[in-house]
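A.B. asks: Please see the structure below; I have some questions.
The values are calculated or read from the model by the stated rules, or taken from the named source; none is laboratory data. Source: prediction; values computed, not measured. Ideal geometry is used to build each Cβ from the backbone, glycine not excepted, and the neighbour counts take in all protein chains shown. Remember, those area values only see protein heavy atoms, side chains included, never the ligands or the DNA or RNA. Shrake-Rupley method; radii C 1.70, N 1.55, O 1.52, S 1.80 Å.
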Amino acid sequence: MENLIWHNIHPQFKLNGVSYELEDLVEIGYSLVKEGEPFEVRIGDFILDWTSDNPTIEVLTSGSTGRPKRIALKKEHMVNSAMATGDYFQLRPSQSALLCLPCTGIAGKMMLVRAMILGLHLDYVEPSSTPLSSTNTNYDFVAMVPLQVQNSLNKLDDVQTLIIGGAPVDSNLRRKLSEVSANVFETYGMTETITHIAVKRINNNPKLYFETLPNIDIAVDGRECLVIDAPKISEGKIVTNDVVELVGGNQFKWLGRFDSIINSGGVKLIPEEIEKKLNTVIQSRFFIAGIPDEALGQKLILVIEAPRVDTTELLKKIKGLPDLHKYEIPKEVYALKSFVETGSGKVHRKKIMEQIL
């Protein structure tokens, strides 16, 4: 019988303290689907998918390269991704890891794959905004989204290496992370790249640029958007909508989304770059957007989740920022009582803008 690479479960692999070989995993998968909590059912579903002979896994993309759609990822590529992460972070068999992300998405699935392939001792907890609140275990490797990190700052000293994905890390959180002992990395990736293809250290000798993992080549297209060539994890080149600045052969600075660029009076403005600058004077959730304007084509606006904010005083602080160009100053401020969120807890910019317009 053909040796299926994804069936090579590392002998040191443990799940919640118990060792499992391939046949055992099939049983635990069925058990979780039949008797587990809703989040455990998703883990069981993935385990059954992974242990089957089918060479692909069907996943829903995040929409980073276009409209969300269902795609098939090769299990062989997922194994390669796990190996690349293991190499970069020097993960070793029997090291401890925590799964605190939903197993419905690629990030949660890949934590399981890394554990099975690299021989990690993986614990799982129900996904929540406070994933470390119910555990006193020290972990060698953990992946979280920014909201989880924000709510876990007082326990991050229990983590050796933390990777953050799902959304950009804002400057406020970045400053707080400079005080923790864990080695913290921001990641860049998407479903199509089987999670991260590049990482950037946030603390303990922080870096300015993302650095690619092994066997990843990068370039830019005519829009200055990132193009990823990673034959070990993708059949073809991946053209993104992320505007970047290349630095050397394997580093880049992420500037923002091509589809969010605002053309105001002929000046191209990148909301994400402006938001980084405004983080120093705004504590509430906010974002920069453009709305139609007869004179400018698009007018730059600030949308903030703070119904009682003094917009005149806020604009005064913004205008006083030394590194803010005059074109980057919002023409109007829209203060809302609360932001609409997506199912995963992100700010739903599209629906919020529909409310405003």
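A.B. asks: Within region 286-302, can one find any residue that is closer than 19 Å to VAL169 by Cα and in contact with a Cys (Cβ under 7 Å, 6 or more places away or on another chain)?
C.D. replies: No, region 286-302 contains no residue that is closer than 19 Å to VAL169 by Cα and in contact with a Cys (Cβ under 7 Å, 6 or more places away or on another chain).
Yes/no matrix, rows are residues, columns are (1) among the hydrophobic types (A, V, I, L, M, F, W, C); (2) touching an Asp or Glu at 6+ places or on another chain (Cβ under 8 Å); (3) open to solvent by 30 Å² or more (accessible area, probe 1.4 Å); (4) assigned to a strand (DSSP E or B):
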{"site": "GLY256", "(1), (2), (3), (4)": "no, yes, no, yes"}
{"site": "ASP259", "(1), (2), (3), (4)": "no, no, yes, no"}
{"site": "ASN263", "(1), (2), (3), (4)": "no, no, yes, yes"}
{"site": "GLU272", "(1), (2), (3), (4)": "no, no, no, no"}
{"site": "LYS277", "(1), (2), (3), (4)": "no, yes, yes, no"}
{"site": "PHE287", "(1), (2), (3), (4)": "yes, yes, no, yes"}
{"site": "ALA295", "(1), (2), (3), (4)": "yes, no, yes, no"}
{"site": "GLN298", "(1), (2), (3), (4)": "no, no, yes, yes"}
{"site": "LEU302", "(1), (2), (3), (4)": "yes, yes, no, yes"}
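A.B. asks: Output the number of residues of region 327-354 satisfying the condition of being touching a Leu at 6+ places or on another chain (Cβ under 8 Å) and either open to solvent by 90 Å² or more (accessible area, probe 1.4 Å) or part of a loop (DSSP other than H, G, I, E, B) (or both). First the steps, then the outcome.
C.D. replies: Kept after step one, since they are touching a Leu at 6+ places or on another chain (Cβ under 8 Å), are these residues of region 327-354: 327-334, 345, 352.
Retained after the next criterion (residues that are either open to solvent by 90 Å² or more (accessible area, probe 1.4 Å) or part of a loop (DSSP other than H, G, I, E, B) (or both)): 327, 329-331, 345.
Residues in region 327-354 being touching a Leu at 6+ places or on another chain (Cβ under 8 Å) and either open to solvent by 90 Å² or more (accessible area, probe 1.4 Å) or part of a loop (DSSP other than H, G, I, E, B) (or both): 5 in total.
A.B. asks: Quick one: in region 213-230, of everything that is open to solvent by less than 10 Å² (accessible area, probe 1.4 Å) and part of a strand (DSSP E or B), which residue is nearest to TYR88 (Cα to Cα)?
C.D. replies: The qualifying residue nearest to TYR88 (Cα to Cα) is ILE228.
A.B. asks: Which of the residues spanning region 1-57 are assigned to a strand (DSSP E or B) and without any contact (Cβ under 8 Å) to a residue 24 or more places away in the chain?
C.D. replies: Let us first name the residues in region 1-57 that are assigned to a strand (DSSP E or B), namely 14-15, 18-19, 56-57.
Matches in region 1-57: VAL18, SER19, THR56.
A.B. asks: Would you call VAL243 crowded, with 19+ Cβ neighbours inside 10 Å and within 22 Å of GLU273 (Cα to Cα)?
C.D. replies: Numbers: crowded, with 19+ Cβ neighbours inside 10 Å: yes; within 22 Å of GLU273 (Cα to Cα): yes.
So VAL243 passes the test.
A.B. asks: Does ASP24 fit the bill of being surrounded by 13 or more Cβ atoms within 10 Å (Cβ to Cβ), within 27 Å of the chain's Cα centre (by Cα) and farther than 25 Å from TYR188 by Cβ? Give the derivation first.
C.D. replies: Details: surrounded by 13 or more Cβ atoms within 10 Å (Cβ to Cβ): yes; within 27 Å of the chain's Cα centre (by Cα): no; farther than 25 Å from TYR188 by Cβ: yes.
So ASP24 fails the test.
A.B. asks: Being within 27 Å of the chain's Cα centre (by Cα) and among the β-branched types (Val, Ile, Thr): is that true of ILE57 here? Explain how you work it out, then say what you get.
C.D. replies: Working: within 27 Å of the chain's Cα centre (by Cα): yes; among the β-branched types (Val, Ile, Thr): yes.
Yes: the conditions hold for ILE57.
A.B. asks: Which residue is nearest to GLY44 (Cα to Cα), if the candidates are limited to region 116-139 and must be touching a residue at least 40 places away in the same chain (Cβ under 8 Å) and out of contact with any helix residue (DSSP H, G or I) (no Cβ under 8 Å at 6 or more places or on another chain)?
C.D. replies: Initially, region 116-139 is screened for residues touching a residue at least 40 places away in the same chain (Cβ under 8 Å), giving 116-124, 126-127, 129, 137-139.
Next cut, out of contact with any helix residue (DSSP H, G or I) (no Cβ under 8 Å at 6 or more places or on another chain) only: 119, 123.
On the way: GLY119: 19, ASP123: 14 Å.
Per the stated criteria, the residue is ASP123.
The rows are residues; the columns are (1) part of a strand (DSSP E or B); (2) of a type outside the set (Lys, Arg); (3) open to solvent by 20 Å² or more (accessible area, probe 1.4 Å); (4) without any contact (Cβ under 8 Å) to a residue 40 or more places away in the chain.
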{"position": "ALA72", "(1), (2), (3), (4)": "yes, yes, yes, yes"}
{"position": "THR104", "(1), (2), (3), (4)": "no, yes, yes, no"}
{"position": "MET110", "(1), (2), (3), (4)": "no, yes, no, no"}
{"position": "ARG114", "(1), (2), (3), (4)": "no, no, no, yes"}
{"position": "PHE141", "(1), (2), (3), (4)": "yes, yes, no, no"}
{"position": "LEU147", "(1), (2), (3), (4)": "no, yes, yes, no"}
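A.B. asks: Need the failing condition index for ILE233 against (1) surrounded by 15 or more Cβ atoms within 10 Å (Cβ to Cβ); (2) out of contact with any His (no Cβ under 6 Å at 6 or more places or on another chain), just the number.
C.D. replies: Only one criterion is unmet by ILE233, namely (2).
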